[in-house]
Amino acid sequence: MKILITAGPTREYIDDVRFLSNASSGRMGYALAAAALACGHQVELVTGPVELAPPEGCKIHRIETTDQLRETCLRIFPECDGVIATAAVCDYRPKQRVSGKITKTGQPIVLELTETSDVLAELGSRREHRWIVGFALESQDPRNNAMRKLRMKNCSCIVLNDTSAIGSATNLVEVLSPEAETIAVFQGTKEVVAERLMGLIESSIAGTLRS
């Protein structure tokens with residue numbers, strides 16, 4: 001299979017030196033890329049800024065902003081069999097980006113924010129014969145929020161984890177089906193979780209669509 005994997009954070013710039021972002025390390029996405037390559041698949045890795053060396057053998061697409069993520073994914077997705085969306089997309093961006101650097105004045109400033117593009121939902125609307133594995137990092141009402149995300153974004157399944165996964169070497173995930181059933185629970189290092197998740201994708205997610 002040819003698999004599109006998104007990883008790491010996106011950034012939304014306030015001015016030329018400051019930005020909004022999050023603490024995603026990209027470890028889960030990079031571990032999944034390595035696991036997919038080990039299974040003999042082709043990997044298109046679309047990655048935000050992280051301090052990780054990409055797995056040898058995958059094609060790297062480096063992005064910063066959510067719009068860059070969107071443009072890259074929409075271009076690559078038609079050539080792929082499926083997508084694993086682990087990227088931690090910045091949900092809001094400043095309505096206006098200031099050119100240069102904002103000078104400190106000692107007074108408060110107000111930022112007006114607008115929502116960024118919903119990249120996964122757009123991929124879901126173009127899914128056709130492809131499979132989509134989404135990730136949901138939730139802290140409140142996790143199952144209901146994860147299922148809402150699965151349905152809104154037309155995912156084949158959703159991988160639910162919590163905020164303890166951010167920047168951690170380990171993860172605990174629950175894989176949920178469109179019927180809100182627990183398909184699997186995986187715990188361990190992100191490399192171990194990635195290997196088990198890749199096995200599930202091959203046997204139960206992509207395998208079902210190919211049958």
Rel. contact order, % - alpha carbon contacts under 8 angstrom, at least six apart, the stretch 1-126
34
Could you tell me which residue out of LEU176, PRO49, MET198 lies farthest along the dipole of the chain toward its positive end? Charges go on the beta carbon: Lys and Arg +1, Asp and Glu -1, centred on the Cα centre.
PRO49
Taking the mean number of other Cβ atoms within 10 Å as a proxy for protection, how do you rank 72-80, 36-44 from highest to lowest?
36-44, 72-80
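Counting Lys +1, Arg +1, Asp -1, Glu -1, what net charge surrounds GLY167 among other residues with beta carbon under 15 Å of its beta carbon? Let's see the in-between values first.
Values: positive: ARG27, LYS190; negative: GLU51, ASP162.
Result for the neighbourhood of GLY167: 0.
Can you tell me the relative contact order of the chain? Whole percent, Cα pairs under 8 Å, sequence separation 6 or more.
Values: 438 pairs, mean separation 43.0, N = 211.
Relative contact order, the chain: 20 percent.
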For the chain, find the longest principal axis of its Cα atoms and tell me its angle to the long axis of helix 190-200, 0 to 90°, nearest 10.
50
Angle in degrees between helix 27-38 and the longest Cα principal axis of the chain, rounded to the nearest 10:
40
Taking 7 Å along the Cα-to-C-beta vector as the label spot, tell me the LEU113-LEU74 distance in nanometres, rounded to one decimal.
2.4
Rounded to 10°, Cα long-axis angle of helix 66-76 versus longest principal axis of the chain:
30
Counting only pairs 8 or more places apart or on different chains, how many lysine pairs in the chain have C-alpha atoms closer than 25 Å?
10
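Only helical DSSP H runs with n ≥ 4 go in: add -39500 (n - 2.57) per run for the chain, normalise by residue count and round the 222 nm mean residue ellipticity to 500 deg cm²/dmol. It would help to have the intermediate numbers written out before the result.
Numbers: 6 runs with 57 residues, N = 211.
That calculation yields -8000 deg cm²/dmol at 222 nm.
A short reminder: the numbers here are calculations on the coordinates, not readings from a lab. Everything numeric in this text was worked out from a predicted model, so none of it was measured. No Cβ is skipped: glycine too gets one built from the backbone with ideal geometry, and neighbour counts run over all protein chains shown.
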